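Asker: Below is one structure. I have some questions about it.
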Amino acid sequence: MPSFAMRKIVKRFPGVVANCDVDLTIEPGEIHALLGENGAGKSTLMQILYGFHSMDSGSILIDDKPVEIRSPKDAIALGIGMVHQEFMLVRRFSVVENTVLGLKGFNLGEAARRLRTLSNQHHLAIDPFAQVQHLPIGVQQRVEILKLLYRDASLLILDEPTAVLTTHEKEQLFRVLRGLRDEGRSIVIVTHKLQEILDLADRVTVMRDGRVVAAVSTQQTSEQELARLMVGRDVNLRTHRVPIERGRTVLRIDGLHVRDDAGQEKVRGLSLDVHAGEIVGIAGVDGNGEGRRLCPQHILPEPGRRDGPVHPDHRTPGHPLPGRHVRRPGAGRAVRHLRERAAGPQRGHRAA
């Protein structure tokens, strides 16, 4: 398997330098983590390697020989594949149809047989004729990996691969990636999750503000050191929670059901109490209903999409208010203001 290198990569967007003289070496048979905060330039760097972005200057080498990558097609021809955060799958197509999409001179039956062989060989457990829209998120990610193996990629790039996975799915993914590494393939994971890097990667390159600040073996570093390299200062990774006294119930949700525009149920029987003086977090793997339908402006959907009562303040259970009363004046602006403050000042189109 070949080695890959990027030398003195520079990439500018209007008002910001996303990558500044970046060097990166990826050896055969290793899992290499690319670590950095949001906006550090790590995703941009990998998108250059995959041909999504052109670099302003620098060079890419495979086995020490310069190559030109002007598009993903060029990258795939050179054995480079990428699994994006947002999967590039046609949901109404089957696994095999997604795999051969864009290829010429294929036989669907032969392609399906090869996919089944690859799936069994790498313990991916994928039916080539399964329709993508019916597959769980974790399986869809394995479909993306299978597509790259079908094209015989020697370098697989995964951008934030565990962001949408359950713990069990993450463990399955790690087993697959270790198996690919043991075959001699190179893996790059783009992430900011320190413990996962130490659990999975062989080496880690740390980026900050568009530059590489360190490249170290995971056997010779720690969460504390990686956090310091990532943000440029010592970081306290421990939290101390002070018990709070909860006040009266200001919002009660009993058995809330929500359907999206396509009629699919996104929230199923949710019950929740929110008290004065507390911050309530809603967590979940992406796609499990934890997001937009539970934002203040969507806590009650439009008429006809709710069959579970929501009781703000001291309203009597069984007498939920219409959505227009829950969406109090300024609530949406307040949420947007908090989101903008949390995101920090905008500094142009900075890549993750």
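The values are calculated or read from the model by the stated rules, or taken from the named source; none is laboratory data. Everything numeric in this text was worked out from a predicted model, so none of it was measured. A quick note on method: Cβ atoms are made from the backbone with ideal geometry, for glycine too, and the neighbour counts reach across all protein chains shown. Surface areas here come from the heavy atoms of the whole protein model, side chains and all, with no ligands, DNA or RNA. Shrake-Rupley method; radii C 1.70, N 1.55, O 1.52, S 1.80 Å.
Asker: Using the reciprocal of the averaged 1/r over all distinct C-alpha pairs, how large is the Kirkwood radius of segment 88-205 in Å? Before the final figure, lay out each step's value.
Answerer: On the way: mean 1/r = 0.0673 Å⁻¹.
In segment 88-205 this quantity evaluates to 14.9 Å.
Asker: Within segment 228-263, which trypsin sites (Lys or Arg not before Pro) sit in a loop by DSSP and count at most 12 neighbouring Cβ atoms inside 10 Å?
Answerer: Here the sparse-neighbourhood loop sites are Arg233, Arg238, Arg241, Arg246, Arg248.
Asker: On alpha carbon coordinates alone, what is the Rg over Rh value for segment 217-282, Rh being the Kirkwood radius? Don't skip to the end; give the middle numbers.
Answerer: Working: Rg = 20.6 Å, Rh = 16.5 Å.
Taking Rh as the inverse mean 1/r over Cα pairs, Rg/Rh reads 1.25.
Asker: A further question follows. Give me the percent of accessible area attributable to carbon and sulfur for segment 1-153, probe 1.4 angstrom. Before the final figure, lay out each step's value.
Answerer: Values: 3650 of 7240 Å².
Carbon plus sulfur share of accessible area: 50 percent.
Asker: When ranked by the protection proxy of mean other Cβ atoms within 10 Å per residue, highest first, what sequence do the peptides 40-49, 176-185 form?
Answerer: Taking the mean over residues of other Cβ atoms within 10 Å, the ranking is 40-49, 176-185.
Asker: With a cut-off of 8 Å between alpha carbons and a minimum separation of six or more residues, what is the relative contact order of segment 154-294 in percent? Provide the component values of the computation, followed by the final result.
Answerer: Details: 162 pairs, mean separation 24.6, N = 141.
The value is 17 percent.
Asker: Moving to a separate point now. Which percent of Cα-Cα pairs in segment 126-184 sits in each 10 Å bin, short to long?
Answerer: Values per bin, smallest distances first: 21, 54, 25, 0.
Asker: Please work out the average accessible area per residue across segment 139-198, using the 1.4 Å probe convention, and give it in Å².
Answerer: Heavy-atom SASA per residue in segment 139-198 reads 31 Å².
Asker: Just reorder His134, His32, His192 by solvent-accessible area, largest first, 1.4 Å probe, all chains present.
Answerer: On the way: His134 135, His32 0, His192 85 Å².
Sorted descending by solvent-accessible area, the residues read His134, His192, His32.
Asker: Additional query: Return the loop-located chymotrypsin sites (Phe, Trp or Tyr not before Pro) in segment 110-204 (DSSP other than H, G, I, E, B) with at most 14 other Cβ atoms within 10 Å of their own Cβ; answer none if there are none. It would help to have the intermediate numbers written out before the result.
Answerer: Numbers: sites: Phe129, Tyr150, Phe174; in loops: Phe129.
Those satisfying the criteria are Phe129.
Asker: For segment 1-100, what is the accessible area per residue in Å² when the probe is 1.4 Å?
Answerer: Heavy-atom accessible area per residue stands at 44 Å².
Asker: When the dipole is taken about the Cα centre of segment 157-212, and only Lys, Arg (+1) and Asp, Glu (-1) are charged at their Cβ, what size is it in debye, to the nearest 20?
Answerer: Numbers: 9 positive and 10 negative charges, 33 e Å.
Roughly 160 debye for segment 157-212.
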